[in-house]
1. Which of (1) in contact (Cβ under 8 Å) with a residue 12 or more places away in the chain; (2) within 14 Å of another protein chain (Cβ to nearest Cβ) does residue A:287 not meet, given it meets every other one?
2. Criterion first (crowded, with 20+ Cβ neighbours inside 10 Å and without any contact (Cβ under 8 Å) to a residue 60 or more places away in the chain) does residue A:272 satisfy it?
3. Which residue out of A:86, A:91, A:136 is farther than 25 Å from residue B:425 by Cα and surrounded by 15 or more Cβ atoms within 10 Å (Cβ to Cβ)?
4. Touching a helix residue (DSSP H, G or I) at 6+ places or on another chain (Cβ under 8 Å), farther than 21 Å from residue A:298 by Cβ and at pLDDT 95 or above: which single residue out of A:90, A:84, A:64 fits that description?
5. Just to be sure, is residue B:181 within 14 Å of chain A (Cβ to nearest Cβ) and more than 20 Å from residue B:411 (Cβ to Cβ)?
6. So which residues in the stretch B:93-124 are more than 18 Å from the chain's Cα centre (by Cα) and within 9 Å of chain A (Cβ to nearest Cβ), if there are any at all?
7. Taking into account only those residues within the stretch B:175-207 that are under 13 Å from residue B:232 (Cα atoms) and in a helix (DSSP H, G or I), which is farthest from the chain's Cα centre (by Cα)?
8. Which count do you get for residues in the stretch A:69-83 that are farther than 19 Å from residue A:144 by Cβ and buried (at least 24 other Cβ atoms within 10 Å of the Cβ)?
């Protein structure tokens, strides 16, 4: 009786096209976002905000990026780490060489550059599909990281090759510090959260408007999509561009707000796989799934490694890690057997059940 | 009445908290380790050595002036994000950090500075942190990569009979193609120009560390007089193996201190005889302190891990690292009193550390740890030097005395890079006078 469309009368087209038509859904999401903005900085301490929430949100942005490409447009990619690196290095270049620009612009510019590179590496997708395309994007992964670590221009001729990110204010000289170690953890968290919320909102809306529908048409059957008038070139490359933009922003945020330097090791192939696992566990073709997957893959190992401490057991660090690997593997297999479509699907099923409650049929 | 009772309960609860805090007057040593993952073969002996020295001090001396150490490990798996997470989890009351990972070091440099916790990256991390005016909380004594490169060249010169003999010589430089491996290149460029030798660069991609056939074929063709290696992980053993395959004269093959572990030479065994590597600490179990370790730790079954790593090169490195920390705490206590030191106080202790030969002899560390003096400007120590160790088929033996680095070459580079860092970060270097 509580979770119903029934009795909801729409009086305008805008209301009919709303993102969340069921009031309970709407209030729940608004409440969650409000909690993230107000409650979380009040409740969370430095550890929770700084080394749990910030990386989870950043990885969720990257996962959304990959989900647009793989989940919505059906183009398998293993170049996520490289696109993140492109965003990070270019944002660093913009922030240092065009220092009159505020740091959010630098981060978005990093995303923009990453989008361009994404389009370039997306061109093969017009001819090859599936695993073959994955191999082509693997080339991006290796080539881009090689480029960034071998051309000193990208690191401003830094002798150590790992440039540090300065402490930047929100707008050049104005506003709180949002990057670097001097910035308060709340400021960094909110900064990342704003990006995450806006990008999630944008992705959700893109997915249900024309561009998203053409992605899904291409994903489900590209020949049929072409026949009904969807241009494959335009559609596939737009998916690559937008996906890389998301990844680029995530990479830049990782460097600027989390580890405070641009380190190539953070964008290795392992990162690409990690993010691929996130969207598989979270749910392909789902924005919510990107967040759930990121949280699951990143948080579970940390939770498992702390569990013995919370229980007051004294277990050596290496044993904990080995246990962590085992439990993590088992849980992944368990979830994929129980629900092959990911955590997002579980959530959806729960909602559908709730809709029929208390009279299921 | 109920409220009164509650108040009493609360008060007694508070008292218990206070009393446990008083009991827990231990110097807290968070240890970021990697006992698992691709680099565990290096991480396990490092972590064991580090923990064992603190336990030895606790058991033998009852701590430093009565203050015991409490070592707590946090597993990073050599991953930067897990390292940052470990740091945030353990930084409360932390004495010092040394994550044994360049990636984690770079990520933590700014964080520890903001949190006022000292950081000792001993023979890794950011070389220019040797400039203490810019990097107040970062220490990298007893030597840095750049100084190591100069010392290895100095060693080659000594073997040839003087630096003038380097002219016209050809050196092969085989390195991990990663910021770590590329770091000595500016120094090598300067040395090549200064002494008139040429050197060829042979990068090994981190993705294919074990594929070096073509590199060693090239080396066989170009016949360099010496080969210097800057390797890590699986790359080391592969390089030594390939070198033996082309019958390269192993005594002309010199690894840096991260290519100096037993795992580098064991797979080639006897064939690798003569392979040399740099080290900034002693090898083996000859130092007197190992007797105490046997008596107080090993015999009581308190050794970290399974105790099988004692005396290995990387074990000794972790051990030496802990010895520096203990001495820094002792130094800090001289100034601030015999209690648990805060991070800032330990920083002072590190900066005023002066370990002489006599002091090392008292500690039983002669030959294991080099004498070091740290100052406000110079965080890598005033006399950076290395020893060269040689593989004898089953273990390493040190074959030289301390070979000093050419600090007049590296210091300007260090100051240049530190100044660039300061400019980028908007830091005003502090004055040391």
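The values are calculated or read from the model by the stated rules, or taken from the named source; none is laboratory data. Keep in mind it's a predicted model, so treat the numbers as computed, not measured. Positions of Cβ are backbone-derived with ideal geometry, glycine not excepted, and every protein chain shown enters the neighbour counts.
1. Single failed check for residue A:287: (2).
2. Against the criterion (crowded, with 20+ Cβ neighbours inside 10 Å and without any contact (Cβ under 8 Å) to a residue 60 or more places away in the chain), residue A:272 does not qualify.
3. Within the list A:86, A:91, A:136, the selection yields A:136.
4. A:90
5. The answer is yes for residue B:181.
6. B:110, B:111, B:113, B:114, B:115
7. B:207
8. 3
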